[in-house]
Amino acid sequence: MNRGAGSRSRVARSTLLCALAALAGPAWSAEDKSGTAGIYTCVTPDGRRLTSDRPIPECNAREQRVLNSDGSLKRVMPPQMTAEERAEKEMRDRRAEIERLQQVDAIRRDRNLVARYPDEASHTKAREAALDTVRLAMKASEQRVNELAAERKPLLAEAEFYKGKALPAKLRQQLDANDASVEAQRTAIQNQQAELERINRLYDAELARLKRLWAGASPGTVAADGGLSAPPKRR
């Protein structure tokens, strides 16, 4: 009984080994087809031609040719880069990717701009709507300044009774509060005026850009000031 069990165990191990060998065979075949195997050859800086069955360390900085067993060219291995060269290449690649994304964004922005403003009339209408919002706020501030001036008149009239004397605390507080409110409204008017100028500058630049696009300039090629920017580099 033991001999039978041992025989079955040996048969099982043999079957398992055959199966593993069958699985390993295609892997080696696939490796050969992938191009990792071959004859490596190169010429060193001093003119020596070297040949090996694996990459040649002496030629890491030079091009290496990989040949098939019949001598035909299988592929060419470019020179390996130093750590500094790799870092520089990665930096160049990052810059190129940033430029590519910026160009994609510029194209998208220009297309959206033309879709939003198909003509100058639509752009002018949008400008006026933006300005009107600020103009209404400025008008409200100016009206408040006039109201504060009217509120100040009776306070000043009351203060006339105290010429040469200290003003009552309540009257002084009312005058000071009026002064502070007027100053706040004047500051608001200055800020609103600056906002009007900012909006106009924005729409002026946008209009210059749109005029180029309406005239047929390709999206993404118009500079921020409305002029044509340099075309994107081909890579």
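The residue list A130, P154, A180 was ranked by how far each Cα lies along the charge dipole of the range 88-214 toward its positive end, using unit charges on Cβ atoms, and A130 comes out on top. Electrostatic tally near K170: other residues with Cβ closer than 14 Å to its Cβ, Lys and Arg +1, Asp and Glu -1, net -1. Under the simplified labelling scheme, the V43-A180 pair shows an inter-label distance of 8.9 nm, with each label point 7 Å from Cα along Cα→Cβ.
Annotation: the residues S72, S218, sorted from fewest to most other C-beta atoms within 10 Å of their own C-beta, follow the order S72, S218. Projecting the Cα atoms of L171, A115, S141 onto the charge dipole of the range 88-214, computed from C-beta unit charges around the Cα centre, puts A115 farthest toward the positive end. Ranked by the mean number of other Cβ atoms within 10 Å of their residues, highest first, the peptides 86-96, 115-125 come out as 115-125, 86-96.
Backbone amide hydrogens, once placed in the peptide plane, bring L67 within less than 5 Å of I39, Y40, T41, K74, excluding anything fewer than 5 places away on its chain. Here the residues Y162, Y203, ranked from fewest to most Cβ neighbours within 10 Å of their Cβ, fall in the order Y162, Y203. Net charge dipole, the range 38-80: roughly 80 debye, given to the nearest 20, about the Cα centre with Cβ charges of +1 for Lys and Arg and -1 for Asp and Glu. A simple charge model with +1 on the Cβ of Lys and Arg, -1 on the Cβ of Asp and Glu and nothing else charged puts the dipole of the range 120-160 at about 180 debye relative to its Cα centre. Computed about the Cα centre, the dipole magnitude for the range 88-214 is approximately 120 debye when only Lys and Arg (+1) and Asp and Glu (-1) carry charge, each at its Cβ.
Take the alpha carbon atoms of the range 59-123, find their center, do the same for the range 163-215, and report the distance between the two centers in whole angstrom. Value for the Cα centre distance between the two parts: 50 Å.
No value in this document is a laboratory result; all are computed from the given coordinates. Here the structure is a predicted model, which means the values were calculated and not measured. Note: ideal-geometry Cβ built from the backbone for every residue, glycine included; neighbour counts use all protein chains shown.
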